[in-house]
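Take a look at the structure below.
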Amino acid sequence: MSQDKIDILQRALNREKAARKQAEKILESKAAELYEAKQKLERSYTELEALLNRTDSQLQGVFENIVDAYVIMDLKGDILKMNDAAVNLLGFENAKQEYNLLEMVNHNEIGRISESFQSLMANGTITDFNLHISTKKKENKLVHINASIIYDNGKPVAAQGIVRDITKAKEAETQLIESENRLSSLIVNLDSGILLEDENRKIVL
């Protein structure tokens with residue numbers, strides 16, 4: 001693949017990442033508003049009914065437009081709400097199922113989960129966390145998670161997160177590294193002299 005094509009793909013990837021991060025920020029903000037509104041609604045239904053309706057419609061619009069799996073869970077790991085992308089990724093039949101997400105975690109990763117949750121509670125957010133899970137349909141996947149805490153009057157009450165399936169991407173990355181290693185080994189062991197330069201005429205091998 002030429003450097004120009006690589007640059008084009010990299011720019012496209014950067015734009016996609018920026019768009020997703022913007023969507024996540026909007027989603028986190030609206031989800032926090034919705035959850036807080038629902039909590040307050042239990043105490044004062046009449047006063048906050050209009051706020052809830054407005055916030056819920058705003059959040060629903062974000063739910064419909066975000067392509068990534070989005071989940072809200074309580075602090076015990078029980079799912080409170082998820083979008084259709086999360087239903088598909090996690091192997092559920094619909095978004096109404098009651099389930100504890102900790103049941104999907106690989107037993108070998110329990111220690112990492114505990115450490116990441118402590119970090120989430122302490123800092124309010126956790127980013128770029130990769131985790132092996134087994135979905136409801138018993139499919140093994142590697143997922144990438146960005147999560148944050150939802151607060152009610154300063155008290156943590158739930159957590160929300162964006163979950164992406166990076167299983168195939170990780171496999172492709174591993175295959176690419178293996179191919180590069182084989183190529184490097186082949187070149188190093190050739191009888192003829194070989195010199196590789198990058199686009200800036202810098203020697204790379």
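The values are calculated or read from the model by the stated rules, or taken from the named source; none is laboratory data. Note that the structure is predicted; figures quoted are calculated from it, not measured. Cβ atoms come from the backbone with ideal geometry, glycine included; neighbour counts cover every protein chain shown. With ligands, DNA and RNA removed, areas are computed over all heavy atoms of the protein, side chains included. Shrake-Rupley method; radii C 1.70, N 1.55, O 1.52, S 1.80 Å.
Below, the figures for the structure above:
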quantity	calculated
Residue within the stretch 109-124 that is among the acidic types (Asp, Glu), more than 19 Å from residue 69 (Cβ to Cβ) and at pLDDT 85 or above present	yes
Among (1) farther than 15 Å from residue 69 by Cα; (2) at pLDDT below 90; (3) not hydroxyl-bearing (Ser, Thr, Tyr), the one test that residue 166 misses	(1)
Any hit, the stretch 106-120, residues being within 30 Å of residue 197 (Cβ to Cβ) and either open to solvent by 30 Å² or more (accessible area, probe 1.4 Å) or hydroxyl-bearing (Ser, Thr, Tyr) (or both)	no
Tabulated pairs, the stretch 74-103, first surrounded by 19 or more Cβ atoms within 10 Å (Cβ to Cβ), second in a strand (DSSP E or B) and of a type in the set (Lys, Arg), C-beta under 6 angstrom, 6+ apart or interchain	none
